[in-house]
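Trainee: Once you've had a glance at the structure underneath, I'll fire off some questions.
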Amino acid sequence: MADKVNTTQAEYRKKKNKEEMKQQVITFALMIAFTVIAFGMVYGGLDSLFVMPVLIILAVVQVGFQLYYFMHMSHKGHEMPALMLFSGAGVAFLTVLTLSVLIWW
């Protein structure tokens, strides 16, 4: 009976690890693609008013991928660190936005 339970647990862990590795490879490929797109836009001679916002969006998405997948924020038990991290990022964004509005106005 114990062998069957251990075998079932090992199979479950193997399946879960395979799924996680698949997600990380897909995320890594997307991040490489975003980087290639960013370099292509910069060296392609596109208008800077178009390039800058797109680069910022790509950078934010890549940071999200890094935190969520590569820092394992998607795992159980990491809800509080994820909440604190994203709350801090939100406060930092609002602070920069507020100071930018005050300076420009």
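Values in this text are rule-based calculations from the coordinates and carry no lab data. Keep in mind that this is a model prediction, so the values were computed, not measured. Note that each Cβ is placed from the backbone with ideal geometry, even for glycine, and that neighbours are counted across all protein chains shown.
Trainee: On the given criteria, is M21 in contact with a Pro (Cβ under 8 Å, 6 or more places away or on another chain) and not hydroxyl-bearing (S, T, Y)? Lay out the reasoning, then the answer.
Mentor: Values: in contact with a Pro (Cβ under 8 Å, 6 or more places away or on another chain): no; not hydroxyl-bearing (S, T, Y): yes.
Criteria not met by M21.
Trainee: Would you confirm, using the coordinates I've provided, whether F39 is surrounded by 13 or more Cβ atoms within 10 Å (Cβ to Cβ), out of contact with any Gly (no Cβ under 8 Å at 6 or more places or on another chain), part of a helix (DSSP H, G or I) and of a type in the set (F, W, Y)? Give the steps one after another, and end with the answer.
Mentor: Values: surrounded by 13 or more Cβ atoms within 10 Å (Cβ to Cβ): no; out of contact with any Gly (no Cβ under 8 Å at 6 or more places or on another chain): yes; part of a helix (DSSP H, G or I): yes; of a type in the set (F, W, Y): yes.
Taking the combined requirement at face value, the residue does not satisfy it.
Trainee: Check whether at least one residue in the range 33-48 is within 29 Å of R13 (Cβ to Cβ) and not β-branched (V, I, T), and report yes or no. Walk me through it before giving the result.
Mentor: Going residue by residue through the range 33-48, those that are within 29 Å of R13 (Cβ to Cβ) are none.
No, every residue in the range 33-48 fails to be within 29 Å of R13 (Cβ to Cβ) and not β-branched (V, I, T).
Trainee: Restricting to the range 27-45, count the residues that are out of contact with any helix residue (DSSP H, G or I) (no Cβ under 9 Å at 6 or more places or on another chain) and not hydroxyl-bearing (S, T, Y).
Mentor: Step one: filter the range 27-45 for residues out of contact with any helix residue (DSSP H, G or I) (no Cβ under 9 Å at 6 or more places or on another chain), giving 29, 32-33, 36, 39-40, 43, 45.
Among the residues that remain, those that are also not hydroxyl-bearing (S, T, Y) are: 29, 32-33, 36, 39-40, 45.
Selection size over the range 27-45: 7.
Trainee: What single numbered condition from (1) surrounded by 12 or more Cβ atoms within 10 Å (Cβ to Cβ); (2) on the phi > 0 side of the Ramachandran plot fails to hold for Q24?
Mentor: If we test Q24 against (1) surrounded by 12 or more Cβ atoms within 10 Å (Cβ to Cβ); (2) on the phi > 0 side of the Ramachandran plot, just (2) comes out false.
Trainee: Kindly indicate the residue of the range 42-67 that is surrounded by 12 or more Cβ atoms within 10 Å (Cβ to Cβ) and either polar (S, T, N, Q) or touching a residue at least 24 places away in the same chain (Cβ under 8 Å) (or both) and also nearest to F93 (Cα to Cα) among those meeting that condition.
Mentor: So, considering only residues that are surrounded by 12 or more Cβ atoms within 10 Å (Cβ to Cβ) and either polar (S, T, N, Q) or touching a residue at least 24 places away in the same chain (Cβ under 8 Å) (or both), the one nearest to F93 (Cα to Cα) is V61.
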